[in-house]
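None of the figures in this text is laboratory data; all of them are computed from the coordinates on show. Given the structure is predicted, the values throughout are model-derived calculations rather than measurements. FYI the Cβ positions are ideal-geometry reconstructions off the backbone, even for glycines, and counts take in every protein chain you see.
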Amino acid sequence: MQFNSTQEETPSLGHPGSGIGERNFTGLLLANEIREGLHTRVFGKQDVVYFKQTDSTNLRAKELAEGFAPEGTLVVAEKQTSGRGRKGRSWFSPAGDGIYASLILRPAMPANQAPSITLMTAVAVAETLLSLTQLPARIKWPNDILVNGKKIAGILTEISTKMDSIAYVVVGVGMNVNTPPEGFPQELKGKATSILIESGEPFREVDIIRAFLKCYETHYEMLRKSGFKPIIKRWKELTEIIGQRVIVDVIGKQYCGKVIDVDDAGVLIVEDSHGRSHRFYSGDLNLVRNLT
Ligand code: BTN
């Protein structure tokens, strides 16, 4: 594995028992700390790549995946200097206040089933927040995680295909953990929130990562063994968008209507005021009650 890295960006590569990479930093997401009490079979048990600071854990994970890093490789950073969001947006990634993590998956799956991974990830993030913090985490299609209407976590899934199959998937998860109200930049005020803000308590990032890895592995195994049906069922229980009036933004074009369903392939179905039904494979969704 090769990295063009500055001192700050030097990765610490942790392999079980190696002790490598645990010496230099005092951050909370070091490989050994994540592994302690981690009850997974694969995720976080093998390769964990830690950065005190990097541009984007998804970019680092993609480099590793191109270099044949195995399924379950986890890349974490204390801070991202160019955290990436969906649709070319940026992801606010200050040091110490959030989780910035990317997982490498190599599912034996046709490329057209890749959206199932994104929806499954949203279920795992929401379940993790529910079980660990008891916060009422809800999913907004396709994969925003909201608490009390504000975004607390986001997911960026990047897929590489070979012929019609998936070569690898990088699943990037950003979670606002200990960001105080005054910690968000102006443009995110009123739209973003954190676990600290919603629960009134600080949480250890390492505990959240461990719980997430366990929950993620359980859902990933369920997807492989039982298919997408149980995942989409749970996804629907965790969303509040069905029956809501929404505006869907697709490459700058806006569609208004009521959400009828999210089908078994994760496609959003919206009925407009003329009773016509529209199917959306991707896009940005705004609940009409949230519009000013
Ligand atoms: C979104 O809601 O727009 C997706 C945000 C995803 C952010 C995470 S943080 C870890 C990983 N690395 C990135 O650069 N982005 C994802």
- Note on the structure: Expected output for the range 248-269 (first residue without any contact (Cβ under 8 Å) to a residue 40 or more places away in the chain and part of a strand (DSSP E or B), partner surrounded by 14 or more Cβ atoms within 10 Å (Cβ to Cβ) and of a type in the set (Gly, Ala, Ser), Cβ below 7 Å, 6+ apart or cross-chain) is Val248/Gly283; Asp249/Gly283; Val250/Gly283
- Query: Of all the residues that make up the range 79-115, how many are within 12 Å of the ligand (Cβ to nearest atom), without any contact (Cβ under 8 Å) to a residue 60 or more places away in the chain, assigned to a loop (DSSP other than H, G, I, E, B) and not polar (S, T, N, Q)?
  - Reply: 2
- Among (1) farther than 25 Å from Glu240 by Cα; (2) under 19 Å from the mean Cα position of the chain (by Cα); (3) assigned to a strand (DSSP E or B), where does Lys151 come up short? (1)
- Message: Among the residues in the range 247-263, are any of a type in the set (A, V, I, L, M) and on the phi > 0 side of the Ramachandran plot?
- Response: yes
- When only residues in the range 31-73 that are in contact with a strand residue (DSSP E or B) (Cβ under 7 Å, 6 or more places away or on another chain), part of a helix (DSSP H, G or I) and in contact (Cβ under 8 Å) with a residue 40 or more places away in the chain count, which is farthest from the ligand (Cβ to nearest atom)? Ile34
- Query: From the residues in the range 146-205 that are farther than 25 Å from Leu74 by Cβ and of a type in the set (Asp, Glu), which one is nearest to the ligand (Cβ to nearest atom)?
  - Reply: Glu187
- Query: Of the residues Arg245, Arg276, which is touching a Gly at 6+ places or on another chain (Cβ under 8 Å) and either of a type outside the set (Phe, Trp, Tyr) or surrounded by 16 or more Cβ atoms within 10 Å (Cβ to Cβ) (or both)?
  - Reply: Arg245
- Odd one out for Asp263 among (1) surrounded by 13 or more Cβ atoms within 10 Å (Cβ to Cβ); (2) within 25 Å of the chain's Cα centre (by Cα): (1)
- For the range 116-145, enumerate the residues that are in a strand (DSSP E or B) and away from the ligand (no atom under 16 Å from the Cβ). none
